[in-house]
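Colleague: Have a look at the structure that comes next, please.
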Amino acid sequence: MFLLNPPTVRALSVWTSMPPQWRKTGVRSSWADANRGGKPTDSFLEGPVVDRHGHLYISDIPFGRIFRISPEGQWHLVAEYDGEPNGMKFWDEQTLLVTDYKNGLVSVDIASGTVKPWLNRRNSESFKGVNDLCIDAHGRVYFTDQGQTGLHDPTGRVYRYTPQTGQLDLLLTNVPSPNGVVLSPDEQTLYVAATRGNCVWRMPLQADGSVSKVGQFFTSYGASGPDGLAMDETGRLLVANPGLGYVWVLNPRGEPEEVLTGPTGISLTNLAFGGPDRRKIYCTDSTNGQILCADMPIPGVALHQGAVHHPPN
């Protein structure tokens, strides 16, 4: 990669770590057997999202848990169930919408911890294994269906679901491991992390709802490619790259302006803006059970909640 202006490199700091009482030390999980080569895995953190009170919510995939972390760094178990939760966004003030690898899309009541099916199949066919999601200004949900796809099997899918009508559109069927997903500030472009392709795809969204001229926006390198994505108000794309332990901060031309790094041995899988003015970025270090953070010069885009566009039952 040739750059006229090399990116600024800044260090992430460790904000909080999972307390020992929540770590599943010595406990085997089928998810870790399939996705971590059977390595001891006491947790695998993903899906960060911040509520309006400044609490950070994260998922723990192999053990079906969702935690809330207070602004002071205190951990609270919100839900524990038979699932593998990954990406999360708020559907309304009290409900998380979760992409669950095992169960499809589920909703979680953050007060009671109740988990309910939300969209678990398409035309009676199970998903491959959903991964991440985002919600647009009209309440439509874009989500990735990753499963075990990769360069050997580039059949990962990207969907858009319109709750008002129940319409589920299949937008892409050929992605090698679709993972993080985020919209541009004007919502005319969808970005998808293709983890096993070690790149980020750019999807122009047409007025009729179709996609056209999908292209490769950014190429990374290393053993494990782009994972979670976030967007700031100026259209800069933030890319969590677990294999490198980096967060790439890309301008709208796909050029790295900043690289956020952490201590040796971290695996940065996902990220979310938070703080009073959305100028703090929180990153999950999945393999070490930590949350890292950094102050950012530009606020993240305000996230939409889908329930305001969804008619009551």
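The values are calculated or read from the model by the stated rules, or taken from the named source; none is laboratory data. Bear in mind that the values here come from a model prediction, so they are computed numbers and not experimental data. We place every Cβ from the backbone using ideal geometry, glycine too, and count neighbours over all the protein chains shown.
Colleague: Is one or more of the residues making up segment 105-117 under 26 Å from residue 214 (Cα atoms) and in contact with a strand residue (DSSP E or B) (Cβ under 7 Å, 6 or more places away or on another chain)?
Modeller: For segment 105-117, residues under 26 Å from residue 214 (Cα atoms) and in contact with a strand residue (DSSP E or B) (Cβ under 7 Å, 6 or more places away or on another chain): present.
Colleague: Considering only strands (runs of 3 or more DSSP E) fully contained in segment 161-257, which possess at least 2 residues that are over 27 Å from residue 85 (Cβ atoms) and either hydroxyl-bearing (Ser, Thr, Tyr) or over 19 Å from the mean Cα position of the chain (by Cα) (or both)?
Modeller: 215-219
Colleague: In addition: Tally time: how many residues in segment 247-269 are under 15 Å from residue 18 (Cβ atoms) and of a type outside the set (Val, Ile, Thr)?
Modeller: So the count comes out to 1.
Yes or no, residue by residue, for (1) at pLDDT 95 or above; (2) in contact with a Pro (Cβ under 7 Å, 6 or more places away or on another chain); (3) surrounded by fewer than 21 Cβ atoms within 10 Å (Cβ to Cβ); (4) of a type in the set (Val, Ile, Thr):
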{"site": "177", "(1), (2), (3), (4)": "yes, no, no, no"}
{"site": "182", "(1), (2), (3), (4)": "yes, no, no, yes"}
{"site": "185", "(1), (2), (3), (4)": "yes, no, yes, no"}
{"site": "207", "(1), (2), (3), (4)": "no, no, yes, no"}
{"site": "211", "(1), (2), (3), (4)": "no, yes, yes, yes"}
{"site": "215", "(1), (2), (3), (4)": "yes, no, yes, no"}
{"site": "219", "(1), (2), (3), (4)": "yes, no, yes, yes"}
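Colleague: Pairs only if they're at least six apart or on different chains, beta carbon under 8 angstrom, first in segment 31-56 and farther than 20 Å from residue 69 by Cβ, second at pLDDT 95 or above and of a type in the set (S, T, N, Q); list them, first residue then second.
Modeller: 34/148
Colleague: If a residue has to be outside any strand (DSSP E or B), among the hydrophobic types (A, V, I, L, M, F, W, C) and modelled with pLDDT of 95 or more to count, how many in segment 258-301 make the cut?
Modeller: 3
Colleague: So if I check each of 80, 93, 46, 72, which one is under 30 Å from residue 255 (Cα atoms) and among the acidic types (Asp, Glu)?
Modeller: 46
Colleague: If I ask for residues that are surrounded by 14 or more Cβ atoms within 10 Å (Cβ to Cβ), assigned to a loop (DSSP other than H, G, I, E, B) and of a type in the set (Val, Ile, Thr), which ones from segment 105-149 would you list?
Modeller: 110, 149
The rows are residues; the columns are (1) buried (at least 18 other Cβ atoms within 10 Å of the Cβ); (2) closer than 20 Å to residue 105 by Cα; (3) among the aliphatic types (A, V, I, L, M); (4) in contact with a helix residue (DSSP H, G or I) (Cβ under 9 Å, 6 or more places away or on another chain).
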| site | (1), (2), (3), (4) |
| --- | --- |
| 10 | no, no, no, no |
| 39 | no, no, no, yes |
| 47 | yes, yes, no, yes |
| 60 | yes, yes, no, yes |
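Colleague: Hey, another quick one. Working only within segment 150-160, note down all residues that are in a strand (DSSP E or B), within 21 Å of residue 217 (Cβ to Cβ) and not hydroxyl-bearing (Ser, Thr, Tyr).
Modeller: 150, 156, 157, 158, 160
Colleague: Would you mind finding the one in 52, 65 that is surrounded by fewer than 17 Cβ atoms within 10 Å (Cβ to Cβ) and among the charged types (D, E, K, R)?
Modeller: Being surrounded by fewer than 17 Cβ atoms within 10 Å (Cβ to Cβ) and among the charged types (D, E, K, R) holds for just one of 52, 65, which is 52.
Colleague: Oh, and also: For the condition surrounded by 21 or more Cβ atoms within 10 Å (Cβ to Cβ), over 22 Å from residue 67 (Cβ atoms), out of contact with any helix residue (DSSP H, G or I) (no Cβ under 8 Å at 6 or more places or on another chain) and in contact (Cβ under 8 Å) with a residue 12 or more places away in the chain, what is the one hit in 292, 260?
Modeller: So the residue among 292, 260 that is surrounded by 21 or more Cβ atoms within 10 Å (Cβ to Cβ), over 22 Å from residue 67 (Cβ atoms), out of contact with any helix residue (DSSP H, G or I) (no Cβ under 8 Å at 6 or more places or on another chain) and in contact (Cβ under 8 Å) with a residue 12 or more places away in the chain is 260.
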